[in-house]
Amino acid sequence: MTKKCIAEFIGTMVLVICGCGIAMVTTNSEATAALGVTGGNGVAIALAFGLSIVAMAYSVGNVSGCHVNPAVSLAMLINKKLTLPEFAGYVVSQVLGAIVGALILFGIFGGDMGLGTNIAQSVGQGFVAEIVLTFIFVFAICGVTSKESFGSVAGIVIGLTLVLVHLLGLPVTGTSVNPARSFGPALIAMLTGATGGADAFAQVWVYILAPLIGGALAAVVYTFMTKED
């Protein structure tokens with residue numbers, strides 16, 4: 001279990017460093033970094049998060065399954081692929097990894113560019129969007145991890161699905177679909193006074209609750225569709 005938690009910590013830390021870091025440097029503006037991005041910047045950010053997942057899936061996936069996302073871990077708990085103690089250990093490790101990743105970004109770049117935090121243009125619209133986007137993402141994960149024969153391509157499929165939902169969600173919410181990814185940067189941005197930190201932390205509940213709902217719905221729907229009558 002310790003090794004699994006370390007793997008989840010490292011995987012989430014890398015996701016935040018690379019994904020949020022590229023969001024920062026490609027927009028080079030405020031902590032609303034991912035909002036309103038178009039063209040090359042949006043594609044770069046989407047690819048950064050997707051490729052981070054691909055890299056970690058083939059690095060730590062054989063240790064922990066490379067959830068690096070509490071919404072994914074919740075889905076695995078619902079599908080009985082994780083026990084409750086394992087779920088708790090995974091989530092704590094993921095949140096700590098995201099916090100350390102955000103601290104590293106602050107140490108490298110400071111807080112003038114924000115820390116890749118998520119801010120929705122509309123809280124209601126963002127809440128619905130994050131549920132839907134997380135449902136799509138986790139539903140794909142449930143499918144591609146359902147058979148061992150899919151193992152060789154699972155990391156690529158999951159990474160590309162993350163790219164897909166980012167391309168759709170970036171102008172609306174900055175795309176999270178991951179409570180840890182949002183909480184870590186929002187917390188450090190608020191504590192360090194980074195640009196947009198207070199606003200991001202005020203909205204962070206959206207990026208915690210909505211992805212968890214979306215992930216849970218995906219697990220329930222996938223289980224219903226695939227279980228034998």
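Assorted remarks:
- Angle between the chain longest axis and helix 151-173 axis [Cα atoms, degrees, rounded to 10]: 40
- Förster-model FRET efficiency, 22 Å R0, V123 and L167, C-beta, rounded to 0.05: 0.50
- For the chain, the longest principal axis of the C-alpha atoms and the axis of helix 84-109 are separated by about 30°.
- For the chain, alpha-carbon Rg and Dmax in angstrom: 16.1, 56
- Karplus-derived 3J(HN,Hα) values for the stretch 190-198, using 6.51 cos²θ - 1.76 cosθ + 1.60 with θ = phi - 60°, are 5, 5, 9, x, 5, 4, x, x, 5 Hz; glycine and proline are entered as x.
- As a length-normalised measure over Cα pairs under 8 Å and 6 or more apart, the relative contact order of the stretch 157-206 settles at 21 percent.
- Here the relative contact order of the chain, from alpha carbon pairs under 8 Å that lie six or more residues apart, stands at 31 percent.
- Gain in span if fully extended, L84 to E148, counting 0.36 nm per residue against the direct Cα distance: 20.7 nm
- Qualifying trypsin sites (Lys or Arg not before Pro) in the stretch 137-229, DSSP loop, other Cβ atoms within 10 Å at most 14: K147, K227
- Average Cα contact separation per residue, the stretch 53-115, under 8 Å, 6 or more apart, as relative contact order %: 21
Bear in mind that the values in this text are calculations on the coordinates, not laboratory data. What you are looking at is a predicted structure, and each value in this text was computed from that prediction instead of being measured. Counting neighbours? That spans all protein chains shown, and the Cβs are built from the backbone with ideal geometry, glycine included.
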